[in-house]
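Presented below is the structure to which this report refers.
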Amino acid sequence: MLRASRIRSHQAFLFLAVAASVALFFGSGTARGAQPQSASFSLRGSNGFVVDVTSQGDEVTVIASERWAPVATFGPSGRLRSAGTGNGASTIYTAPAKAAGPEAVEAALGELGRIAVRFRPSGRRVVSTARQVCGRPGRVVRRLGVFVGTISFEGEGGYTTVAATSARGSVGTPPPPGCETPGSTSGAAVASSSMPAAATTGGAVLSAVDPGTGSRFRAAPGRGGVSFRARVEERNADGVTVVRRAQAGAPVSSFRFNRPLTWAAVTPPAPFSGTARFAARAGAPWRGSLRVTFPGLSVPLTGADFRAGMGRP
């Protein structure tokens, strides 16, 4: 009897040890390989803007776009939408998330507003792939529902406003990293036009940067023409990171330059305005009236503080 009791005790101990090991193994594996989750919803703002809100990890991002967001986003149906490639500008606001988990989206935006919503699932879900939108495989599973609470946003100077208590959206697999418009091919497709003979060999890339303000401008070959891009990044007084981005496609005639790349002139379309000239010489190599209008801000893209240069693609 004593021996049988010891055997049963030993078997029970082995069972508990194995069970604990299995739980530890699978528990740690799930933690290590846990699929990241994001919450997304979008609303129509005033003055024709679209406002996309995404919460992932410890950040909440608000994107205000004139037409399309510059990164892939999810529509109310839970389907992944391609990043915008047309002419336009967007402003991206990123603030620390005040709630853990994608089903509670909370962020204080200071003077820009506040978001505090909870996700109410509808019981429906959408399964799709990221290949068509992001050019890479990836199974995307999104649970559909409604975010309910406070959604208040007002862009600088009132360029767009949103005030709502609910928004259709989804929770689930986020877009793959880097799922946005590539810088070398962005801009609207445009019809080819004649190009000066001196510029037909090799092409060129022109870049101008203001180290003090972080303002950046770039002109490069695009799809069927020239791609113009601009970017400004800052952190406002409320601790919100603000990234402003603009892009435009134009005929090749809007970017003229000589063969040795010592001279160039650009005339980008909206959201840019004005012109600029580059000359590889001492003094003022980058001059002109070139500006870009982002949502909430108009920024000069020339001046004595800019450092400009040219090279081959």
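Assorted remarks:
- Put simply, of ARG229, ARG218 the only residue that is in a strand (DSSP E or B), within 27 Å of ASN47 (Cβ to Cβ) and either in contact with a Lys or Arg (Cβ under 7 Å, 6 or more places away or on another chain) or among the polar types (S, T, N, Q) (or both) is ARG229.
- Hey, VAL240 in contact with a Phe, Trp or Tyr (Cβ under 6 Å, 6 or more places away or on another chain) and modelled with pLDDT of 95 or more or not: no
Residue-by-condition table, conditions (1) more than 20 Å from ALA107 (Cβ to Cβ); (2) touching a Ser or Thr at 6+ places or on another chain (Cβ under 7 Å); (3) at pLDDT below 85; (4) of a type outside the set (Val, Ile, Thr):
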{"site": "ARG125", "(1), (2), (3), (4)": "yes, no, no, yes"}
{"site": "GLU154", "(1), (2), (3), (4)": "no, yes, no, yes"}
{"site": "GLU180", "(1), (2), (3), (4)": "yes, no, yes, yes"}
{"site": "GLY183", "(1), (2), (3), (4)": "yes, no, yes, yes"}
{"site": "GLY202", "(1), (2), (3), (4)": "yes, no, yes, yes"}
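- Selected residue [without any contact (Cβ under 8 Å) to a residue 12 or more places away in the chain and either out of contact with any Gly (no Cβ under 6 Å at 6 or more places or on another chain) or open to solvent by 20 Å² or more (accessible area, probe 1.4 Å) (or both)] from PRO96, PRO76, PRO137, PRO121: PRO137
- Subset of the stretch 283-292 (residues that are part of a strand (DSSP E or B) and either modelled with pLDDT under 95 or more than 27 Å from the chain's Cα centre (by Cα) (or both)): TRP286, ARG287, GLY288
The values are calculated or read from the model by the stated rules, or taken from the named source; none is laboratory data. Since the structure is predicted, the reported quantities are computational estimates derived from the model, not experimental observations. Positions of Cβ are backbone-derived with ideal geometry, glycine not excepted, and every protein chain shown enters the neighbour counts. The protein model used for the area step is the full one, side chains on, heavy atoms only, and it has no ligands, DNA or RNA in it. Shrake-Rupley method; radii C 1.70, N 1.55, O 1.52, S 1.80 Å.
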